[in-house]
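Inspection log for the structure reproduced underneath, given as C-alpha cells.
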Amino acid sequence: MTDPTTHPADLRPETVAIVAGRPAHTPDQPLNVPVHLASTYVGGGDIAYGRYGNPSWTAFEDTLGALEGGRCVAFASGIAAVSAVLDLVPAGGRVVAPRHSYTGTVMQLDDRAAAGRLEVEYVDITDTAAVAAACAGAAMLWFESPTNPALEIADIPAVTAAAHAHGALVAVDNTFATPLLQQPLADGVDLVVHSATKYISGHSDVVMGAVVAADPAHADAITTRRSLGGAIPSALEAFLALRGLRTLPVRMERAQATAAELVARLTGHAALDEVRYPGFGAIISIVLRGGAASADALVDRTRLWIHATSLGGVESTFERRRRWPAEAPTIPEGLVRLSVGLEHVDDLYADLVGALDEVSGDAESRHPLT
Ligand SMILES: Cc1ncc(COP(=O)(O)O)c(C=O)c1O
C-alpha cells in the first residue's frame, strides 16, 4: 500500500487523487486495492479484527488524507463522523456552531445538549467578531463553510485563530467544498469532516463519512471512537468511495463550471427573489418569490432535475429544504437547494427555466392583482 506521506509535495491534487491508495507497482499486483471482505485476520499483525481495520478502508483513507493534508479515518456515514468528533468535547463543554448547518448536525448538537452532555451556542458564522467572542471558554468551534443550505462563508483562518487563542478545538465540515476547493487543515483547523456520501463518492450509491486530523493524536482519538462505537464503513462502500474520489477533480471542475453558468443565466429571473452562490463549488440555493407553494410546484415540474435530498452526485438534484421540520426557521420557506450534476448546461437550464416560467405563470394566475 502506498503511504501518503511519501507523495512528493509537488504532485498536484488531480495527480494525488489518482496515485494515492494503490498497491505497490510490482508484477501481478492489482492496480486497485480489492474489496476485502473479512471479519477477522490472522493474529500478530496490525489489523486483528474487522472492526479495527480493513485494507479497503486504508486505501480510501490514504487518498483522502493525502488530499486534505492529514490522517483520515473512514466512518459508516457522515453523521457517524460528526458524532465521533463531538465525542471529543469534554462533558459539559460548550460548542460554538453556525445557526445554519446541516440539520442532522444541529439535531445531533441539540440532542447532546438536551441530555446535558454539552452546551451549544449558535452563531452567525459570517460575523467573525461575534464568532471570536463566542469562542471564549468554548471547548470546540464547529462549522461548515459554505453552510448548508444558506451558503454563507466563514473567514476560516480568522475564526480558527480566535478559537485556538481560547484553547478550543476547531472542526470543519468540508463536504460542500471538498479538498479540491478548500483545505481547512492548511488554515490551521484541527479536524475536517466529510459526508463521503456526497461529492467524494459522487454517484448517489454510497453512504460513508470520514474525519481527517492534522495531529496524529487526534487521529488516534477518532480511531478509538470508531472502534468503540462501531460505526465502520463496509469494505464495498470504501472501495466505491475511492473509485469516486479518483474522478472527483474532473467531476468538480465540470459541475462547478455548469453551476457558475446557471447562476449567470438564472440571476434576475422573475420567479426568483434570490440566487445564492458562494462563488465556488456546485451547490446553488434559489429562493422562489412565491414561497413554499412555488418551490413545491417547481420540484414537481422538471424532467431532468430530480426531486431528492442529498447532493454531490453526477445527476442534478434539488429540494425545498424547509420541507424538513428540523431545518432552521431562518431559512426561507421558498429556498430550493440545487446540486448541479454533470448533464449538459443547456439541457439543465432549459429544464429548470421551463419549470420556473410555469411556476411564475401559476403565481400570477393565483394572484392576478399582485
Ligand atoms: C454538510 C453535510 N454534513 C454531513 C452530512 C451527513 O452525512 P451522511 O448523510 O453521510 O450521514 C450531510 C448530509 O446531508 C451534509 O450535507
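The table below gives the values:
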| read-out | value |
| --- | --- |
| Radius, Kirkwood style, for region 146-239 when every pair of distinct Cα atoms is counted (Å) | 14.5 Å |
| Ratio Rg/Rh [Cα only; Rh per Kirkwood] for region 96-139 | 0.98 |
| Prolate/oblate/rounded call for region 97-181, Cα gyration tensor, a/c under 1.5 rounded | oblate |
| Selected from Gly229, Ala196, Ala293, residue furthest toward positive end of dipole (region 195-299; charges at beta carbon) | Ala196 |
| Dipole of the chain, positive direction: furthest Cα of Ala158, Thr267, Val211, with charges on the beta-carbon | Val211 |
| Two-decimal Rg/Rh across region 116-162, once Rg and the Kirkwood Rh are taken from alpha-carbon atoms | 0.96 |
| Listed residues Gly116, Ala48, Ala168: farthest to the positive end of the dipole of the chain (Cβ charges) | Ala48 |
| Within the chain: Cβ-based charge dipole about Cα centre, in debye rounded to nearest 20 (Lys, Arg +1; Asp, Glu -1) | 520 debye |
| Local net charge near Val33, Cβ-Cβ under 13 Å (Lys/Arg +1, Asp/Glu -1) | +1 |
| Heavy-atom surface of the chain, accessible at 1.4 Å and reported per residue (Å²) | 42 Å² |
| Equivalent ellipsoid, region 249-363 (semi-axes from 5 times Cα gyration tensor eigenvalues, Å) | 21, 16, 13 |
| Cα extents of region 165-316 along the three principal axes, largest first (Å) | 53, 41, 30 |
| Percent accessible area from carbon and sulfur atoms, region 117-172, protein chains only, probe 1.4 Å | 54 percent |
| Heavy atoms of Arg225 accessible to a 1.4 Å probe, total area in Å² rounded to 10 | 80 Å² |
| Percent of Cα-Cα distances greater than 28 Å, calculated over region 13-148 | 38 percent |
| √(5λ) per eigenvalue of the Cα gyration tensor, region 68-223, largest first, Å | 21, 17, 16 |
| Rel. contact order, % - alpha carbon contacts under 8 angstrom, at least six apart, the chain | 15 percent |
| Rg to Rh quotient for the chain, alpha carbon positions, Kirkwood Rh | 0.99 |
| Over region 1-92, relative contact order from alpha-carbon pairs under 8 Å, at least 6 apart, % | 26 percent |
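The values are calculated or read from the model by the stated rules, or taken from the named source; none is laboratory data. Note that the structure is predicted; figures quoted are calculated from it, not measured. Every residue, glycine among them, receives a Cβ derived from its backbone with ideal geometry; neighbour counts consider all protein chains shown. Accessible surface is based on the protein model in full, side chains and every heavy atom, while ligands, DNA and RNA are left aside. Shrake-Rupley method; radii C 1.70, N 1.55, O 1.52, S 1.80 Å.
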